[in-house]
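Report on the following structure.
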Amino acid sequence: MNEVIVIGGGLAGVEAAWQAACAGARVRLYEMRPLKQTPAHRTDKLAEIVCSNSLKSDEPGTASYLLKEELRRGISLVMEAAAATRVPAGAALAVDRQQFADFITERVEVHPNIEIVRDEVTAIPRDAITIIATGPLTSEALTAEIMKLTGDDQLYFYDAIAPIVAADSVDTSIAFRAARYGKGGDDYLNCPLHEPQYARFYQALIEANSVPLQRFEETRWFEACLPIEELARRGVDTLRYGPMKPVGLIDPHTGREPYAVVQLRQENLMADAYSLVGFQNHLRYGEQARVLRMIPALEQAEFLQFGQIHRNTYINAPRVLAATMQMRAHQNIFFAGQITGVEGYVESVAMGWLAGRNAALFLKGEELLIAPPRSAIGALARYVSSAETKNYQPVNITFALLEPLEAAQAKSVRRKRDRHLMQVELALKEWDEWLQGIQREREPVLAAAN
């Protein structure tokens, strides 16, 4: 075993490959595209983002910010790419998807320790140091192999992609620029609806024809990414308390808060495309065009991408993985990314970061890393390795996963916001101290790679 094999060229896979290579390991990174495409990807680029272009909140004091800051301080390739290709999105970190994938692909292609192999892996090598980072769209052949390896039934849920419209097809005499509560200036385009307009849109949405699901016995949606039509069926006002929430927005045309609002977020640096925030769906394409054009300001919308539905596959990680991301039964095999049961791009990157570092250490015969308990990465690793397995569900990073403050610390601050700020501060302090030792050993290799 003189190299690390990484299966999957998504965000987790490229981060794992980069970390292992920068730690001195020789890496073979397998990506099956363009030889074999997935239902969601469009290009052959590494780290292609297929859903929202948002990497979620980057506002200090949030759990999402903490996770990204840990990765930034850990010299993450994906975070470097995000900084280089960032587009306006208020307090969120959003990227130009094409430039983001181009940036990462170019960096990985020229790394002296990484070989990219464009081929589908259908069998998992049992005698090699391997990181499985095939993501939510793992091919059927490899899924069968993973089932054999883990000795567990396949787990899955359905995920959906939001539509994207051409910027010049949005009626800006109706739509207005603003971010909720003024955070982030005017980074979002907002399409307001008054009550009768919302009622007509809601009725059309719940009556629209969806694409039928096939080959699967049941539908298990991930609650944080429900299709809008599924969300709407829970009640007439559900959308107004969810993706169409008007709170914190004032329509400059009326001087009042709209009854409901659809937010559009910039997709790229050219600002010629916008995604409908929270509007993932699995309606038929013709139905999407008909229903979504009932939204004021989108009557003439040109759709660059319609919403889609696809299967997300993940393992019952607590049964098989340690907090190092390696299998308990096969210690030379690691998992990373969404297939472990984390949800979200940055969460996937974090598991790739940890798996890549540990695979390189395993190759050298050195002690593997356990992320600090207060850290966001430590919290995610703890969840995927020790959560309750009876109803194991994918998770985003939240304060509920982080270690709580000690009683005296919590008592010293009354506001939840201040408690969260203290948790972030303590976590980053612990993270920095933990990084000091391992970064000293890695700096010469990083310098050579760059």
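The values are calculated or read from the model by the stated rules, or taken from the named source; none is laboratory data. This is a predicted model, so every value here is computed, not measured. Glycine gets a Cβ as well: all are built from the backbone with ideal geometry, and neighbour counts include every protein chain shown.
Of all residues in the stretch 329-356 being of a type in the set (A, V, I, L, M, F, W, C) and modelled with pLDDT under 95, which is surrounded by the fewest Cβ atoms within 10 Å (Cβ to Cβ)? Show your work before the answer.
So the first thing to find is which residues in the stretch 329-356 are of a type in the set (A, V, I, L, M, F, W, C), and the list is 329, 333-336, 339, 342, 346, 349-351, 353-355.
Checking the rest, the ones that are also modelled with pLDDT under 95 come to 329, 339, 342.
Working: 329: 11, 339: 27, 342: 26.
Filtering the stretch 329-356 for residues that are of a type in the set (A, V, I, L, M, F, W, C) and modelled with pLDDT under 95, the one surrounded by the fewest Cβ atoms within 10 Å (Cβ to Cβ) comes out as 329.
Could you check how many residues of the stretch 260-291 are among the aromatic types (Phe, Trp, Tyr) and either outside the structural domain of residue 203 (by TED's automatic domain parsing) or out of contact with any strand residue (DSSP E or B) (no Cβ under 6 Å at 6 or more places or on another chain) (or both)? Spell out how you get there, then give the answer.
Start the filter on the stretch 260-291 by keeping residues that are among the aromatic types (Phe, Trp, Tyr), which leaves 274, 279, 285.
Okay, now just the ones that are also either outside the structural domain of residue 203 (by TED's automatic domain parsing) or out of contact with any strand residue (DSSP E or B) (no Cβ under 6 Å at 6 or more places or on another chain) (or both), so 279, 285.
Qualifying residue count for the region: 2.
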Check: If you scan the stretch 360-383, which residues turn out to be of a type in the set (Lys, Arg) and not in a loop (DSSP other than H, G, I, E, B)?
Finding: 364, 382
Next item on the list: Among residues belonging to the stretch 153-175 that are more than 19 Å from residue 343 (Cβ to Cβ), not in a helix (DSSP H, G or I) and not small (Gly, Ala, Ser), point out the one that is modelled with the lowest pLDDT.
Entry: 153
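How many residues are closer than 25 Å to residue 273 by Cα and surrounded by fewer than 21 Cβ atoms within 10 Å (Cβ to Cβ) when one looks only at the stretch 68-86? Outline the logic, then answer.
Our first condition is that a residue be closer than 25 Å to residue 273 by Cα; within the stretch 68-86, this holds for 78-86.
Then keep just the ones that are surrounded by fewer than 21 Cβ atoms within 10 Å (Cβ to Cβ); that gives 80, 83-84, 86.
Number satisfying all stated conditions: 4.
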Note to self: Checking the conditions here, which among 15, 69, 59, 48 is more than 16 Å from the chain's Cα centre (by Cα) and not aromatic (Phe, Trp, Tyr)?
What the structure shows: 59
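Residues are listed down the side, and each one gets a yes or a no for (1) surrounded by 13 or more Cβ atoms within 10 Å (Cβ to Cβ); (2) in contact with a Leu (Cβ under 8 Å, 6 or more places away or on another chain); (3) in a strand (DSSP E or B):
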position: 235; (1), (2), (3): no, no, no
position: 240; (1), (2), (3): yes, no, no
position: 246; (1), (2), (3): yes, no, no
position: 249; (1), (2), (3): yes, no, no
position: 254; (1), (2), (3): no, no, no
position: 258; (1), (2), (3): yes, yes, no
position: 269; (1), (2), (3): yes, no, no
position: 275; (1), (2), (3): yes, yes, yes
position: 279; (1), (2), (3): yes, yes, no
Notebook entry, point to check: So which residues in the stretch 94-144 are surrounded by fewer than 20 Cβ atoms within 10 Å (Cβ to Cβ), of a type in the set (A, V, I, L, M, F, W, C) and not in a helix (DSSP H, G or I), if there are any at all?
Noted result: 116, 117, 123, 124, 128
Notebook entry, point to check: residue 97 passes all but one of (1) closer than 20 Å to residue 134 by Cα; (2) in contact with a Gly (Cβ under 9 Å, 6 or more places away or on another chain); which number fails?
Noted result: (2)
Check: Taking the condition under 30 Å from residue 122 (Cα atoms) and either among the aromatic types (Phe, Trp, Tyr) or buried (at least 18 other Cβ atoms within 10 Å of the Cβ) (or both), does residue 65 pass?
Finding: no
Next item on the list: Would you point out which residue out of 45, 36 is surrounded by fewer than 24 Cβ atoms within 10 Å (Cβ to Cβ), within 21 Å of residue 347 (Cα to Cα) and modelled with pLDDT under 95?
Entry: 45
Next item on the list: Test residue 395 against the criterion of being in contact with a strand residue (DSSP E or B) (Cβ under 9 Å, 6 or more places away or on another chain) and either farther than 27 Å from residue 27 by Cβ or modelled with pLDDT of 95 or more (or both), and give yes or no.
Entry: yes
Next item on the list: Residue by residue through the stretch 384-403, note down the ones that are surrounded by fewer than 20 Cβ atoms within 10 Å (Cβ to Cβ), part of a loop (DSSP other than H, G, I, E, B) and in contact (Cβ under 8 Å) with a residue 40 or more places away in the chain.
Entry: 387, 388, 389, 392, 393, 396, 398, 399, 401
Checklist line | Count of residues meeting criterion [buried (at least 21 other Cβ atoms within 10 Å of the Cβ) and of a type in the set (Gly, Ala, Ser)] in the stretch 281-316 | finding: 3
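Would you call residue 68 at pLDDT below 95 and closer than 28 Å to residue 403 by Cβ?
Details: at pLDDT below 95: no; closer than 28 Å to residue 403 by Cβ: yes.
No.
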Notebook entry, point to check: Using beta carbons and a limit of 9 Å, which pairs, at least six apart or on different chains, have the first residue in the stretch 429-448 and assigned to a helix (DSSP H, G or I) and the second one at pLDDT 75 or above and surrounded by fewer than 12 Cβ atoms within 10 Å (Cβ to Cβ)?
Noted result: 448/112
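Results for (1) closer than 14 Å to residue 62 by Cα; (2) not hydrophobic (A, V, I, L, M, F, W, C), shown as yes or no for each residue.
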position: 387; (1), (2): no, no
position: 395; (1), (2): no, no
position: 412; (1), (2): no, yes
position: 419; (1), (2): yes, yes
Next item on the list: Considering only the stretch 71-93, state which residues are β-branched (Val, Ile, Thr) and either modelled with pLDDT under 95 or part of a strand (DSSP E or B) (or both).
Entry: 87
Check: Within the stretch 4-27, is even one residue under 27 Å from residue 379 (Cβ atoms), out of contact with any helix residue (DSSP H, G or I) (no Cβ under 7 Å at 6 or more places or on another chain) and assigned to a loop (DSSP other than H, G, I, E, B)?
Finding: yes
